[in-house]
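A.B. asks: This is the structure I want to talk about, given as structure tokens.
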């Protein structure tokens, strides 16, 4: 497609140059002969370029594009690197694109990937809704897309979506939450990005358990955008209105650390139980130190590798894939923390 | 002769016409359950109805074929991979796998959230309070995730199945349970293949007697 664009551009240039020289159709002149020669030349140039491009494509190794929501977060860098490593191992050239949490930039990356001849896209979407159009564009161009970690709000666009089982992970966290609070008290919930489906899958999993205990009362539910600093600010504000909370449930580990910092600054860290989700490095350490009660360990390496394997299988002819494939999330507490490291198991 | 031929062609014509009409009539009339049609019309997956059918037609019949808990844990101790390969199932990929189990034991302790049971070979707990998660949905291996496109539908099946078990199995049993009683149980357990812990087995019951 990239070459076709170039060819179109060449032909357009040729046409523009000859336009002033055009004469009436019925008049045969030297100018019109020159024009005809130029067009024929353009046609032969077109054939030459097509020939060259086809020869080049048949020899070149297939390529996988890895388009990631943001590389500012080490978790996503880990996801991208593992996807690239697995794709390379399977014999593909790879390139990682950083969407910087911007759907417009993500759209540009898709355009680039499609015109540059990538065979598949391993994709971590920026926005569940806003990213759908990009996946559809790739599908229309015959390029399969495999979502990693984050899902899109469409079930007929991506070939498969390999996602952390956030809902079930938070069900397990909620069971522990209920036990740790003895089924009573007040708590705060910090939500992630409201436009991200993971935010709601985690919240719904948590509430599917906790809401069965009427003596557990949620005094505040606020978004902190999965961001540590924002979580600290939000938690400080909440503590002013609700100084006697018993627990905080956070939609990711960055927010859990931010909430913990605010609680520590208010002298309440030892009284309030904080729960996170992700399996980030600092939370793994904080669980060891007894600062954070628990987290849901995700496995970005498993998701990334599965996406690359699926893409390879697709390109080799397989067509039957589960639209949504969950990856189990494991409950990590002080009791089993020795089994885990950041982003997954120690042996990974 | 010509008259006979005409008669035959008329009969042939009417015969073919009748067969076509019968075929059309057969393919034009069919019967479907009203709730199926309603669910389709609303475009909404009925997780409660699905869970009820799944419990009755897929999970419950499988309970009889579940391995005995003592035999399973013996196999897990001696040949972990064989035990997981033969008996475990999961919808999600990863290390958490689910097993259907059955067994018999004596209630040795009644706790706030569970019952402690002593089987001939080991001690385990029967969940009475926290009937949540995917154990019951996945353990039978009968749940086919490829038939679902929405994550919410997949999750709601577990949620509704757990509700049914709480209401029909656990709530009637729990108030009557006493220390010293013998209980026959069948249900599901979750185990981490990578970090196997057989000391703290919790059975989520699907049947209690």
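Any read-out appearing in this document is the output of simple, stated calculations on the displayed coordinates, not a laboratory observation. Quick caveat, the model's predicted, so the values are computed rather than measured. Positions of Cβ are backbone-derived with ideal geometry, glycine not excepted, and every protein chain shown enters the neighbour counts.
A.B. asks: I'd like the mean, over residues of A:297-310, of how many other protein chain beta carbons sit within 10 Å of each residue's own Cβ.
C.D. replies: Values: counts 1, 1, 3, 0, 0, 4, 2, 0, 0, 1, 0, 0, 0, 0.
Counting other chains' Cβ atoms within 10 Å and averaging over A:297-310 gives 1.
A.B. asks: Over the C-alpha atoms of the stretch B:97-145, what are the Rg and the largest Cα-to-Cα span, Dmax, in Å?
C.D. replies: In Å, with Rg to one decimal and Dmax whole: 12.8, 39.
A.B. asks: Where Rh is the Kirkwood radius over the Cα pairs of the stretch B:167-209, the temperature 25 °C and the viscosity 0.890 mPa s, what D in µm²/s does Stokes-Einstein return?
C.D. replies: Numbers: Rh = 12.1 Å.
Roughly 203 µm²/s, to the nearest whole number.
A.B. asks: I'm a student and want to see the number: the projected area of the Cα convex hull of the stretch A:279-326, averaged over all directions, in nm².
C.D. replies: Numbers: hull surface 16.1 nm².
Averaged projected area of the stretch A:279-326's Cα convex hull equals 4.0 nm².
A.B. asks: Here is a follow-up. For the stretch A:204-348, compute Rh as the Kirkwood radius over C-alpha pairs and then the Stokes-Einstein diffusion coefficient at 37 °C and 0.692 mPa s; write the answer in µm²/s, rounded to an integer.
C.D. replies: Working: Rh = 16.8 Å.
Here the translational diffusion coefficient equals 195 µm²/s.
A.B. asks: How do A:186, A:295 line up, fewest other C-beta atoms within 10 Å first? List each step's numbers first, then the result.
C.D. replies: Numbers: A:186 16, A:295 30.
Going from sparsest to densest Cβ surroundings: A:186, A:295.
A.B. asks: Going by the alpha-carbon gyration tensor, a ≥ b ≥ c the square roots of its eigenvalues, is the stretch B:86-205 rounded (a/c under 1.5) or, if a/c is not under 1.5, prolate (a/b greater than b/c) versus oblate?
C.D. replies: Numbers: a/c = 2.45, a/b = 1.50, b/c = 1.63.
The shape class here is oblate.
A.B. asks: Would you kindly give the portion of the calculated P(r) for the stretch A:54-132 that falls above 16 Å, as a percent of all Cα pairs? Let's see the in-between values first.
C.D. replies: Values: 1533 of 3081 pairs.
More than 16 Å apart: 50 percent of the Cα pairs in the stretch A:54-132.
A.B. asks: Rounded to the nearest 5, what % of the DSSP beta bridges within the stretch A:209-340 are antiparallel ones? Working shown, then result.
C.D. replies: On the way: 4 of 9 bridges.
Approximately 45 percent, going by the DSSP bridge assignments.
A.B. asks: Measuring from centroid to centroid over Cα atoms, what is the spacing of the stretch B:62-91 and the stretch B:103-148 in Å?
C.D. replies: Cα centres, the stretch B:62-91 to the stretch B:103-148: 14 Å.
A.B. asks: Packing-wise, with mean Cβ within 10 Å as the measure, how do B:130-139, B:183-192 rank, highest first? Please list the in-between numbers first.
C.D. replies: Values: B:130-139: 25.5, B:183-192: 21.2.
With the highest mean Cβ count within 10 Å placed first, the list reads B:130-139, B:183-192.
A.B. asks: To continue, here is another question. What distance in nm separates the simple spin-label points at residue A:288 and residue B:147, each placed 7 Å from Cα in the Cβ direction?
C.D. replies: About 4.6 nm, to one decimal.
A.B. asks: Among B:145, A:67, which comes first, second and so on when ranked by fewest other beta-carbon atoms within 10 Å?
C.D. replies: On the way: B:145 17, A:67 28.
By the 10 Å Cβ count, ascending, the order reads B:145, A:67.
A.B. asks: What average number of partner chain Cβ atoms lie no more than 10 Å from the Cβ of the residues making up B:143-151?
C.D. replies: Numbers: counts 0, 1, 5, 6, 2, 4, 7, 5, 13.
The per-residue average across the peptide is 5.
A.B. asks: Per residue of B:127-137, what is the mean number of Cβ atoms on other protein chains within 10 angstrom of that residue's Cβ? Please list the in-between numbers first.
C.D. replies: Working: counts 1, 0, 5, 9, 0, 10, 8, 7, 0, 0, 1.
Counting Cβ atoms of other protein chains within 10 Å of each residue's Cβ and averaging gives 4.
A.B. asks: Cα centroids of the stretch B:175-197 and the stretch A:303-334: how far apart, whole angstrom?
C.D. replies: 32 Å
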